[in-house]
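Here is the structure we will look at.
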Amino acid sequence: MVCEATIILKVDKLIKAEIERKLLRNKNVTSLYRIDNGYDFMLMTTHKGMFELEEFVERIDREFKLKSRDVYFIIEKRK
């Protein structure tokens, strides 16, 4: 079962470029956007299953100094 998620991140400005480089190289990140309204990045991710998705989110939490993070699980594509 493939799991997809949209994740939004607010990061420390001093390491924003480093985080962007790492996310662009990550095989699970299918799209990466710079956004506003209090956040810095929105990423679309694809994973082999829920366990892999949870590991990915935990790794982001450990690896990056996040100010805030929200995860939205894709339940069903409509279009």
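Results, tabulated for the structure shown:
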item	result
One residue from E18, E58, E76, E4 being at negative phi, among the charged types (D, E, K, R) and surrounded by 15 or more Cβ atoms within 10 Å (Cβ to Cβ)	E4
The one condition in (1) touching a strand residue (DSSP E or B) at 6+ places or on another chain (Cβ under 6 Å); (2) open to solvent by 100 Å² or more (accessible area, probe 1.4 Å) that K65 fails to fulfil	(1)
Residue list for the stretch 30-50, filter: at pLDDT 95 or above and either within 21 Å of L14 (Cα to Cα) or open to solvent by 50 Å² or more (accessible area, probe 1.4 Å) (or both)	T30, L32, Y33, R34, I35, Y39, D40, F41, M42, L43, M44, K48
Index of the failed condition, E52 passing every other in (1) within 11 Å of the chain's Cα centre (by Cα); (2) closer than 15 Å to I74 by Cβ	(1)
Selection from the stretch 14-31 of residues that are in a helix (DSSP H, G or I) and without any contact (Cβ under 8 Å) to a residue 24 or more places away in the chain	L14, A17, E18, E20, R21, L23, L24, R25
Matching residues, the stretch 22-49, being farther than 14 Å from T6 by Cβ and touching a helix residue (DSSP H, G or I) at 6+ places or on another chain (Cβ under 9 Å)	K22, N26, R34, D40
Residue within the stretch 68-75 that is more than 14 Å from I7 (Cα to Cα) and either basic (K, R) or under 10 Å from the mean Cα position of the chain (by Cα) (or both) present	no
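The values are calculated or read from the model by the stated rules, or taken from the named source; none is laboratory data. Since this is a predicted model, take the numbers as computed values, not measurements. Cβ coordinates were reconstructed from backbone atoms using ideal geometry, including for glycine residues, and neighbour counts include every protein chain displayed. In case anyone asks, the SASA skips ligands and DNA or RNA and just uses the protein heavy atoms, side chains included. Shrake-Rupley method; radii C 1.70, N 1.55, O 1.52, S 1.80 Å.
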